[in-house]
Amino acid sequence: MADANIKSRHIPDRLQGRGARFLKSWESLLVVVAILIFIANSLASPYFLDPWNLSDATFNFTEKAMIAFAMAMVIMAGEIDLSVAAIVALTSTTMGYAATQGFDTPALVVVGLAVGLVCGAINGLLVTRLGLPSIVVTIGTMSLFRGIAFIILGDQAFTEYPASFSFFGQGYVWWVFSFEFCLFLGFAGFYALLLHKTNFGRAVYAIGNNQTAALFSGVRVARVKFTLFLLTGLMSAIASICLTSRLGSTRPSIALGWELEIVTMVVLGGVSILGGSGTIGGVMLAALIMGMVTFGFGLLNVPGIVMSIFIGLLLISVIALPILYTRFKRRITQ
Amino acid sequence: MNVLLRNREALLVVAILVLVALIATRFPGFVEPANLGRVYNDTSILIILALGQMAVILTRCIDLSMAANLALCGMVAGLINLAYPDLPIPFVILAAMALGAALGSINGLLVWKLEIPPIVVTLGTLTIYRGTIFLLTNGQWINAHQMSETFKRLPRADLLGIPTLSWFSILIIAIMFVVMGRTALGRAFYAVGGNPHAAVYTGIDVGRTRFFAYCLSGTLAGLAGYLWVSRYAVAYVDIALGFELDIIAACVIGGISIAGGIGSVPGAVLGALFLGVIKNALPVINISPFAQMAISGTVIIIAVAVNARAERRKGRVILKKAEAH
């Protein structure tokens, strides 16, 4: 009897706890922000709610968000990868070069993914083998990778891609759902499972919280970190394939400044820049928010740079508000 | 040799000399004093900025907003000159520095009072500062013909045969040398970065020290803003875009540890000079300017690797001493 009692009390408690935790969580704050921006957008322009428009809006964030998922895990493990945008550029120019040499679409994809993996492996080796701080390593490789892209391409552009290559950035899978958006959803699911349901994901949290403790409790820190850098390289390559296919052309200056936008996306998604905490759901919401803001401002003919002010303010205020709120509450209760 | 390896500044001097000698074998004109002076002059702004960034990095923070701060202050200096062409230039410089200090203090306050991680704060203000330039000017440029002659002449004017721009950097190096080595604030920068908890027990307010570091980097960014705009005689939204990473690279090459607490004024200066020599030499010896990024990237990685080894060796020595007792 007592046993049953405990059980029946236990289950609702847990549910209640989970619900309450969600309401207080970062993700719920993001949901509110997202809804507010959605309403503001639909009030601002009658064209916003058109399904094709909404579908177009997804291109503003899908490519960056795919990288952001992998970047989120790198940051959760207490590292950072600033070279992602340069990997996008290098992958894109290499594929462009390969295309002029007569490579077909499948071969181009293989080349792209290989370049991304090699770049990721270089970052990973420098960080794990030499024990260098990732922020400096990736500032270096950022110049290196983009520099190689400039050596390959100079100030030229590649525009000759096979016709079938345009599917990745311009194809639609089902009615208004673009291939890119489906890829984004797929990766969101994949990374959510990887981070929240596997030992690998648990290891990432452990490393981010206390690397030494993780090492002594049997986590292969170097191997996990290396894998994470491989993943950011791979995701950058995939994003690059989509972007190159969508634009139909390549310049070495492609994706310039993306690294900071992606880090902003991750931090806005509630991932602590110090490592050890965050969720993939948060990153996904932050990507949606940034995409909607970009699109809404675009509908209102506001220049992109003004949008960046808004993103900057959003980043600082979203992080400052909970801190101010807890202080305010503490002051009242005392 | 061992002493040389352990002394990062000496190592850098040797590296720069070897680099210059290598360049001289292919282009002897590079080592003429007049040309070396030009290279130094070219690097002056980077030196000033690297010294500001050094103070911030020493306290275990980072200032990604420095280039945006520079661009905004430079634009405001240009706008002031546009509105009041007769205003003496020292006032314009002071205004730019004051604005830079104010922008730096915003970073500092957010780091100090709200305890938001520095990288997040400066990532946010980076986009805000650069966006503000657009709001101020609606994306318009200030071109050379709109600036007054005195505004443009100052950095180029000769003083004892050296351009004023170089004098500015020499002055800042001297000031920073005194600040870092001879003042309580300078020592506090090192203490806070070396061990924040210990710093608290010695009576140093960690947050306030970081705040001052940001004010310092902001002020120097403001000064550099005027120098940049007047030297290149143009101001627009995207000036110095991406330069924040060059500044950090100069610091890292100069042996300033990104983990805080380690670094010196000569190190930062030499790190900036190293990048400056590479940047100026590549076109001279017929290496494509497109290869420049790849080369500086490689240099950064090598420099970090060398520095990291030096740091690790130091740690091991201390441990051995402790074991011996």
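Ligands, DNA and RNA left out, the 1.4 Å accessible surface of chain A is 66% carbon and sulfur atoms.
In chain B, helical runs assigned H by DSSP with n ≥ 4 each contribute -39500 (n - 2.57); averaged across all residues and rounded to the nearest 500, the mean residue ellipticity at 222 nm is -25500 deg cm²/dmol. Taking Lys and Arg as +1 and Asp and Glu as -1, the other residues whose beta-carbon sits under 12 Å from that of B:Ala233 total +3.
Calculate, for A:Leu36 and B:Ala291, the FRET efficiency according to 1/(1 + (r/R0)^6) with r their C-beta to C-beta distance and R0 35 Å; round to the nearest 0.05.
Taking R0 as 35 Å, the efficiency between A:Leu36 and B:Ala291 is 0.15.
Kirkwood hydrodynamic radius computed over chain A comes to 21.3 Å, based on all pairs of distinct alpha carbons.
The distance separating the Cα centre of region B:39-114 from that of region A:73-130 comes to 35 Å.
Close amide H pairs (under 5 Å, H built 1.01 Å from N) link A:Ser178 with A:Val173, residues at least 5 positions away or on another chain.
Rounded to the nearest whole Hz, the Karplus-based 3J(HN,Hα) values (6.51 cos²θ - 1.76 cosθ + 1.60, θ = phi - 60°) of region B:226-240 follow the sequence 4, 4, 4, 5, 6, 5, 8, 6, 7, 9, 8, 4, 8, 5, 6, with x at glycine and proline. Our coupling estimate for region A:289-304, obtained by passing each phi through the Karplus curve with A = 6.51, B = -1.76, C = 1.60 and θ = phi - 60°, is 4, 5, x, 5, 4, 4, 5, x, 5, x, 4, 8, 6, 7, x, x Hz, Gly and Pro reported as x.
Full extension of the chain between B:Val200 and B:Asp42 yields a length gain of 52.8 nm, computed as 0.36 nm times the residue separation minus the alpha carbon distance.
Note on the protein assembly as shown: lysine pairs with Cα distance below 27 Å, sequence gap of 8 or more or different chains, count 11. The simple spin-label model puts a point 7 Å past each Cα toward its Cβ; for B:Val284 and A:Val173 those points are separated by 5.6 nm. Rounded is the label for the protein assembly as shown. Its Cα gyration tensor axes, ordered a ≥ b ≥ c, give a/c under 1.5. In sequence order, region B:39-55 has phi-based couplings of 4, 4, 4, 4, 8, 3, 5, 4, 4, 4, 5, 5, 5, x, 4, 4, 4 Hz under the Karplus curve 6.51 cos²θ - 1.76 cosθ + 1.60, θ = phi - 60°, and Gly or Pro positions carry x. Using a 1.4 Å probe over protein heavy atoms, the accessible area lost on pairing A with B, summed over both chains, comes to approximately 3300 Å². With R₀ set to 51 Å, the beta-carbon distance separating A:Leu49 from B:Ala98 gives a calculated FRET efficiency near 0.60.
Accessible area per residue for the protein assembly as shown is 45 Å², calculated with a 1.4 Å probe on protein heavy atoms, without ligands, DNA or RNA.
Taking every alpha-carbon pair under 8 Å whose residues sit at least 6 apart, chain B reaches a relative contact order of 33 percent. Per-residue extension of 0.36 nm, minus the Cα-Cα distance of A:Ala121 and A:Asn199, leaves a gain of 25.9 nm for this segment.
The residues of region A:304-334 occluded by other protein chains by 50 Å² or more of accessible area, set against the chain on its own, are A:Ile305, A:Ile309, A:Ile316, A:Arg327; surface from heavy atoms, 1.4 Å probe. Working note: Cα atoms of chain B, range along each principal axis, descending, whole Å: 71, 55, 36. Here the accessible area is traced with a 1.4 Å probe on the protein chains. For chain B, carbon and sulfur cover 67 percent of it. A Förster distance of 35 Å, applied to the separation of the beta-carbon atoms of A:Cys182 and A:Leu313, puts the FRET efficiency at 0.65.
The values are calculated or read from the model by the stated rules, or taken from the named source; none is laboratory data. Just so you know, these numbers come straight off a predicted model, no measurement behind them. Quick reminder, even Gly has a Cβ in these numbers, built from the backbone with ideal geometry, and neighbours come from all protein chains shown. Keep in mind that these areas ignore ligands, DNA and RNA; they rest on the heavy atoms of the full protein, side chains included. Shrake-Rupley method; radii C 1.70, N 1.55, O 1.52, S 1.80 Å.
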